[in-house]
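Asker: Attaching a single structure in structure tokens format; questions to follow.
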Amino acid sequence: QLGDLRVEPALEETLHIQREVRVAKPWTERTWKDARRHEGVRMNLEEGTQKGAHKGYLLMLGDDNACYEKRIILTNVETKACYWCTLNNTIRDDVEQGMPDQVNVGLSGYDVLIVGLPAGEYEVKAVAHNKISGVSYWKETDYKVSITEE
């Protein structure tokens, strides 16, 4: 005899996704030799209350977002030194509902704590790296990140 097969939603507290720590690494021209600028890369970035905490979404329009790794390039406004890091994956139901014509766009979320950046103001470039083809697509954003000394 089958048991009760109903699915009960979990309480939101039990679904909390741990913010992941990402270390910013120095970026060089060789980091992504074949990176291409692409208008389809879209990003939303919100700074958290904790130093270095950021969340939002990063996606590639017109393609299967399950095939992409999210990355950002951070360029120091004053020194022009560049750093990069990957972003983790979190589910974004709101993005999926807002863009029902896009494939696996719900996988576009991230919630990270970026460490290893010297103090300063940084311009942000969004990067969608296709894990199948190995090609990275990037686009400038209007976002700036400020890192202060502790």
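Asker: When you scan segment 129-136, do you find a residue that is touching a helix residue (DSSP H, G or I) at 6+ places or on another chain (Cβ under 9 Å) and surrounded by 13 or more Cβ atoms within 10 Å (Cβ to Cβ), even just one? Spell out how you get there, then give the answer.
Answerer: Just the residues of segment 129-136 that are touching a helix residue (DSSP H, G or I) at 6+ places or on another chain (Cβ under 9 Å), to begin with: 130-133.
Subsequent filtering for residues that are surrounded by 13 or more Cβ atoms within 10 Å (Cβ to Cβ) retains 130.
Yes, segment 129-136 has at least one match.
Asker: Against the condition in contact with a Gly (Cβ under 7 Å, 6 or more places away or on another chain) and without any contact (Cβ under 8 Å) to a residue 12 or more places away in the chain, how does Glu96 come out, does it pass?
Answerer: Answer is yes for this residue.
Asker: While we're here: Go through segment 104-137 and give me each residue that's assigned to a strand (DSSP E or B) and over 17 Å from the mean Cα position of the chain (by Cα).
Answerer: Gly120, Glu121
Asker: Separate question: Here are some residues: Val112, Val105, Val124. Which one is in contact (Cβ under 8 Å) with a residue 40 or more places away in the chain and surrounded by fewer than 19 Cβ atoms within 10 Å (Cβ to Cβ)? Break it down stepwise before answering.
Answerer: Details: Val112 fails: surrounded by fewer than 19 Cβ atoms within 10 Å (Cβ to Cβ); Val105 fails: surrounded by fewer than 19 Cβ atoms within 10 Å (Cβ to Cβ).
The conditions single out Val124.
Asker: Restricting the search to segment 70-93, which residues are surrounded by 17 or more Cβ atoms within 10 Å (Cβ to Cβ) and more than 16 Å from Ala126 (Cα to Cα)?
Answerer: Residues satisfying the conditions are Thr90, Arg92.
Asker: Moving on to the next point. Take segment 65-94 and flag every residue that is touching a helix residue (DSSP H, G or I) at 6+ places or on another chain (Cβ under 7 Å) and modelled with pLDDT of 95 or more.
Answerer: Hits for segment 65-94 are Asn65, Ala66.
The values are calculated or read from the model by the stated rules, or taken from the named source; none is laboratory data. Fair warning: this is a prediction, and the values are worked out from it, not measured in the lab. Cβ coordinates were reconstructed from backbone atoms using ideal geometry, including for glycine residues, and neighbour counts include every protein chain displayed.
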